[in-house]
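I am attaching a structure below and will ask some questions about it afterwards.
The values are calculated or read from the model by the stated rules, or taken from the named source; none is laboratory data. Keep in mind the model is a prediction, meaning the values are calculated, not measured. Cβ sites come from the backbone with ideal geometry, for glycine too, and all protein chains shown count toward neighbours. With ligands, DNA and RNA removed, areas are computed over all heavy atoms of the protein, side chains included. Shrake-Rupley method; radii C 1.70, N 1.55, O 1.52, S 1.80 Å.
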Amino acid sequence: MPKLSRLSRLVFIWRHAVAAVWVSTALIVAACSPTAEGASGTTVRLGYFPNITHATAIVGLERGLFADALGDGVRLELHTFNAGGDAIEAIFSGALDASYIGPNPALNAFAESNGQAIRIISGATSGGAALVVRQEITSPEQLAGARLASPQLGNTQDVALRAWLAEQGYETTLEGGGDVEILPQANGDILTAFGAVELAGAWVPEPWATRMVEEAGGHVLVDEAELWPDGDFVTTHLIVATQFLEDHPDVVKDLLVGQVEANGFVNAEPEESQRMVRQAIAELTGSELDADVVAAAWDKLTFTNDPIASSLAESAADAQALGLLEERSFDGIYDLTLLNEVLVAAGEDLVPQP
């Protein structure tokens, strides 16, 4: 399996490069984050991203829904991340208990730990990803020899891009070679490079797809929703460290109460939720998103407690075919027992256990 060995070397180098950055960032965020202090000594270390696809987490925190659900006996410690691999590293190191995260990092965590490290316990967000290209590119045939970008090697959008290109007859390599060059880089760098005409396009999540269109003159060549049944595919779900779930099921259930309440508010009050998300992202990143951009991107997202397991299975198959994921079964990655208990209590529909 030469592709896997090349990937292992790339991941090893990447992990050690980001480790120091993650440690300093996590310590700063934990020190500055609001917490719910309690007497029992239990702490929930929760991760999320400063992105609108993590609106459930942001709104739940901004409204105090997680803290209220956890109660006075539990301390809530927050950590923000910019990439799923960083959050998984934190879980592996024992520095994080739960996190909102994309599908492919969760798959990688499950595979690398032989199914031991994490469980997916709820959905959060569906949809909101696209291949945005220059105006003159109007068909897949025009991508031969082009330079495209994705947010990170092996991440959710990277897998989607490579799988779609393979369906169009293009070969890509993990090192950036092949018929179409793929250059993984941060979303902000993608927007800058696209605006400078250094990229032909990129497969990115919202709001970056909308920003590439409105700020850099691109257009959507592929809306990922059109590739999935009913347009539903997991973008963000909630995972928990398996050991924490086993040790503190009541705490995890309370966390899920906050999750369900947060999604309820996001769906009932979209304008207020957008305002809170823009404000929180500005505070966390120092950069404020335009209200119209957020509103346009918001329309492409669905906030749901269903983790849409069928889409995860297909993403896993795509990643395995590309040599980006170990060949293995992912049976057992979901544990929706506590979520369904919360949904029953809230009078909402159950989510089938995969």
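What pairs can you find where one residue is in the stretch 243-258 and within 14 Å of VAL74 (Cα to Cα) and in contact (Cβ under 8 Å) with a residue 24 or more places away in the chain, the other is hydroxyl-bearing (Ser, Thr, Tyr) and open to solvent by 20 Å² or more (accessible area, probe 1.4 Å), and their Cβ atoms are less than 8 Å apart, with a gap of 6+ or different chains?
HIS248/THR42; VAL251/THR42
Count, please, the residues in the stretch 43-58 that happen to be surrounded by 24 or more Cβ atoms within 10 Å (Cβ to Cβ) and under 13 Å from GLN279 (Cα atoms).
Looking only at that region, the number is 4.
Can GLY102 be described as crowded, with 23+ Cβ neighbours inside 10 Å and modelled with pLDDT under 95?
Yes, satisfied.
While we're looking at this one, here's another question. Out of (1) aromatic (Phe, Trp, Tyr); (2) under 21 Å from the mean Cα position of the chain (by Cα); (3) under 24 Å from ARG278 (Cα atoms), the odd one out for PHE194 is which?
Only one criterion is unmet by PHE194, namely (2).
Evaluate the following for LEU148: is it modelled with pLDDT of 95 or more and either surrounded by 21 or more Cβ atoms within 10 Å (Cβ to Cβ) or assigned to a helix (DSSP H, G or I) (or both)? Spell out how you get there, then give the answer.
Values: modelled with pLDDT of 95 or more: yes; either surrounded by 21 or more Cβ atoms within 10 Å (Cβ to Cβ) or assigned to a helix (DSSP H, G or I) (or both): yes.
For LEU148, the condition - modelled with pLDDT of 95 or more and either surrounded by 21 or more Cβ atoms within 10 Å (Cβ to Cβ) or assigned to a helix (DSSP H, G or I) (or both) - is met.
Name the pairs: first residue in the stretch 303-314 and on the phi > 0 side of the Ramachandran plot, second residue among the acidic types (Asp, Glu) and open to solvent by 20 Å² or more (accessible area, probe 1.4 Å), Cβ to Cβ under 7 Å, at least 6 apart or on different chains?
The qualifying pairs are ILE308/ASP232.
Hey, ARG328 hits all of (1) outside any loop (DSSP other than H, G, I, E, B); (2) touching a Phe, Trp or Tyr at 6+ places or on another chain (Cβ under 9 Å); (3) among the charged types (D, E, K, R) but one; which does it fall short on?
(1)
For the stretch 298-308, state whether one or more residues are within 20 Å of the chain's Cα centre (by Cα), of a type in the set (Phe, Trp, Tyr), at pLDDT 95 or above and in a helix (DSSP H, G or I).
Step one: list which residues in the stretch 298-308 are within 20 Å of the chain's Cα centre (by Cα), which gives 298-308.
Among the residues that remain, those that are also of a type in the set (Phe, Trp, Tyr) are: 298, 303.
Cutting the leftovers down to at pLDDT 95 or above gives us 298, 303.
Next, from what is left, pick out any that are in a helix (DSSP H, G or I): 298.
Yes, because at least one residue in the stretch 298-308 is within 20 Å of the chain's Cα centre (by Cα), of a type in the set (Phe, Trp, Tyr), at pLDDT 95 or above and in a helix (DSSP H, G or I).
What's the number of the only condition in (1) open to solvent by 20 Å² or more (accessible area, probe 1.4 Å); (2) modelled with pLDDT of 95 or more; (3) on the phi < 0 side of the Ramachandran plot that ALA202 fails to meet?
All conditions pass for ALA202, except number (1).
Answer yes or no: is there a residue in the stretch 115-123 that is open to solvent by 20 Å² or more (accessible area, probe 1.4 Å), at pLDDT 95 or above, over 13 Å from the mean Cα position of the chain (by Cα) and among the basic types (Lys, Arg).
yes
Identify all residues within the stretch 298-354 that are within 27 Å of TRP208 (Cβ to Cβ) and open to solvent by 40 Å² or more (accessible area, probe 1.4 Å); write none if there are none.
ASP299, LYS300, THR302, ASP306, SER310, ALA313, GLU314, ALA317, ASP318, ALA321, listed by residue number.
Right, something else. Among GLY154, GLY169, GLY176, which is the only one that is open to solvent by less than 50 Å² (accessible area, probe 1.4 Å), without any contact (Cβ under 8 Å) to a residue 12 or more places away in the chain and part of a loop (DSSP other than H, G, I, E, B)? Give the derivation first.
Values: GLY154 fails: without any contact (Cβ under 8 Å) to a residue 12 or more places away in the chain; GLY169 fails: open to solvent by less than 50 Å² (accessible area, probe 1.4 Å).
It is GLY176.
Return the only residue of PHE194, PHE233 being over 22 Å from LEU301 (Cα atoms) and touching a residue at least 60 places away in the same chain (Cβ under 8 Å).
PHE194
Among the candidates ALA163, ALA209, ALA193, which residue alone is touching an Asp or Glu at 6+ places or on another chain (Cβ under 6 Å) and open to solvent by less than 20 Å² (accessible area, probe 1.4 Å)?
ALA163
Pairs, please: C-beta under 9 Å, at least 6 apart or cross-chain, first residue under 18 Å from PHE81 (Cβ atoms) and of a type in the set (Phe, Trp, Tyr) and in the stretch 271-290, second open to solvent by 30 Å² or more (accessible area, probe 1.4 Å) and at pLDDT 95 or above?
none
Right, here's the next one. Kindly indicate whether any position in the stretch 220-228 is closer than 21 Å to ILE308 by Cα, part of a strand (DSSP E or B) and open to solvent by less than 20 Å² (accessible area, probe 1.4 Å).
Within the stretch 220-228, one or more residues are closer than 21 Å to ILE308 by Cα, part of a strand (DSSP E or B) and open to solvent by less than 20 Å² (accessible area, probe 1.4 Å).
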